[in-house]
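To start, the structure under review is shown below, and the notes come after it.
Derivation of every value follows stated rules applied to the coordinates shown; laboratory data play no part. Being a predicted model, the structure only gives us computed values, none of them experimental. In this analysis, Cβ positions are derived from the backbone assuming ideal geometry, glycine residues included, and neighbour counts consider all displayed protein chains.
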């Protein structure tokens, strides 16, 4: 592949073509978007295939964007195992979601615009993955943010969607500010933003050597950008609200790909984090671990008390991203990326499944009003159950199980503390618990209010579900310790088959944790949505047992309220202060200056009226008299003019004859 | 008897005078145009005559000038007639005495 830029360029071009026709037909817009995605997938596969034979490779294509004085600004594209894994995951999952959207958005009046935005997003996301310059990555990063904003606010006529879009944009922008500062600092120290440049890039030994102690701060600033994009504590608040967007958008952008960009970014600039590591530990990586732990646990707890089917999945996404961050922080980069890829498949599956449920229930999103859907939507139920088990980390058969074990394994060997290890155990149990709760509420029990007319979704929506469900299972083949192909592909080592490694102690730990979670879930929620003793049907079992705790979790630990009373209140105060300053202080200053100008103007106007005007008036009177005189010569009779010309001519001739 | 240059010039001067007289005295716009055409014809006659009696009549300079002049006068006539028609439509007259809107 000598033209890596083609991979993001194809979806971009598709988006531009769709947008540049004033009234494109729905079918052709969708066909173009899907074709662009297929082309991107084909190009990615084409780039990927030759790399199967080699262990550890990196193809770099750098070019000069422009030259400023003597400093050329160079950008570039890179293709390495990390980029390859991400490219394949994004294009494949993206393709499934594009196809699903054809069915899900069929009734929408802005169908065409939706596909244009989706294609645009896909192009930007692929660009993030193959960028070989922090600046280029940042450009695509912001384009991805723009696409996210446009798609969260896609149903712009809903005020909540508009507010969610704004919240997402502003919150991630806070993180991007840190990213930008880190980038400037990095450029200041190393003089280049290229990752790899024949040994001179900022991630290679020569570039890293120039960073010294500032690497920690640069890494933390860049990590702040990742915190914003990947919905990590304390900037996670935008991600659950982003579920106001159409469900395919939630699946593609706010679960499978874009929110994983933060994890990807940390993996991409990992040398900055691990510079000067002692025993694989640096202060910046320690921050990454603890932020990840806090996020993973907090989001898993909040997810237990949510009622909106998509919000549960959103908090689950936040929690899983936290888990990936933990994995990166403890040094398990390959494990983190493996979980990212597996998560991309099963979370997209779960979101599309929830989209299918919402579609089948005519827009109902409250899980307490569903129930018993497994009879009406068998395909959705089976695929959803597969996704749920992959997310819970059921061992052996599901991709998520293997990657979670890998992460737990790596976390267990983290030298500074064992606390993250045990906290992650709790995270696994909680994940299994809230997913069990959700699946019982949605698919088991008796049908409650709305699903009387519930129906299975059309083929165009169930096919992507089946493909993704197969992906969630079959991906295990390359994830097992017996044949850890993906792990070795990412780390660049040769892969060996060793069946003996298949059974490891961690497998049983994991099995115990997951069965505990699912078992407790089934016991707790066995009568969810039904009357049980003196508990009314619409009250959640946990709410009945622990009302205070439930309220705390259902209100998202009041973090939004905390922000509203601190950061946002501070912003309001600052705005009011500036308004007051503007209105009274600066305005007074400007008015004072204006008054001085007015006094001066009065003086000059007197001079003008009395002195200069008189002279000008006299001149104009003279000019007018002259004009009157001249105009009298014009009779308007064309023949008199001609006669004058003839007489003049004659006079000239006579003069000439007389002189000669 | 071979014609001399003087003979041509006399004819041309007569033509010019007739044209000028027409242009100055007639009141109908189209007749004025015809007068102008006569004056142009006089000028063309002069071009040809001076060329014919010049020291080197081999190069067709005079003819060329006359052809150009005719082409231009044709264009002028077309524009002039179009203007006359436009004026007539607007004022319902072609009497130039009444067309004195530009009177100062």
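With a simple spin-label model that places each label point 7 Å from the Cα along the Cα-to-Cβ direction, the separation between residue A:555 and residue A:210 comes to 5.2 nm. Taking Cα atoms, how many degrees apart are the long axis of helix A:419-443 and the longest axis of chain A, rounded to 10 and kept between 0 and 90? Once rounded, one gets 90 degrees. Taking 0.36 nm per residue of separation and subtracting the current Cα-Cα distance, fully stretching the chain between residue A:397 and residue A:3 would add 138.0 nm. Over all directions, the projected convex hull of the C-alpha atoms in the protein assembly as shown averages 60.6 nm² in area. Averaged over the residues of peptide B:25-38, the number of Cβ atoms from other protein chains lying within 10 Å of each residue's Cβ is 1. The shape of the stretch A:416-514 comes out oblate: with a ≥ b ≥ c from the C-alpha gyration tensor, a/c is at least 1.5 while a/b does not beat b/c. In plain terms, the residue of A:430, B:33, B:21, A:328 with the fewest other Cβ atoms within 10 Å comes first and the most crowded comes last, giving B:21, B:33, A:430, A:328. With contributions of -39500 (n - 2.57) from each DSSP H run of at least four residues, the per-residue ellipticity at 222 nm computed over the protein assembly as shown stands at -22500 deg cm²/dmol.
Taking 0.36 nm per residue of separation and subtracting the Cα-Cα distance, full extension of the segment from residue A:459 to residue A:590 would add 40.4 nm. You can think of it this way: the chain between residue A:534 and residue A:156 has 131.8 nm of extra reach, that is 0.36 nm per residue less the Cα-Cα gap. Shielding value for A:639-647 is 3, the average number of Cβ atoms from other chains within 10 Å of each residue's Cβ.
Between the Cα long axis of helix A:587-607 and the first principal axis of chain A there is an angle of about 10°, rounded to the nearest 10. If you fit an axis through the alpha-carbon atoms of helix A:214-229 and take the longest principal axis of the Cα set of chain A, what angle between them do you get, 0 to 90°, nearest 10? Orientation of helix A:214-229: about 90 degrees from the principal axis. Of A:138, A:169, the sequence from fewest to most neighbouring Cβ atoms within 10 angstrom is A:169, A:138. Each of A:48, A:397, A:585, A:115 was scored by other Cβ atoms within 10 Å of its Cβ. Listed from fewest to most, they are A:585, A:397, A:48, A:115.
Across peptide A:628-637, the average count of Cβ atoms from other chains found within 10 Å of a residue's Cβ is 3.
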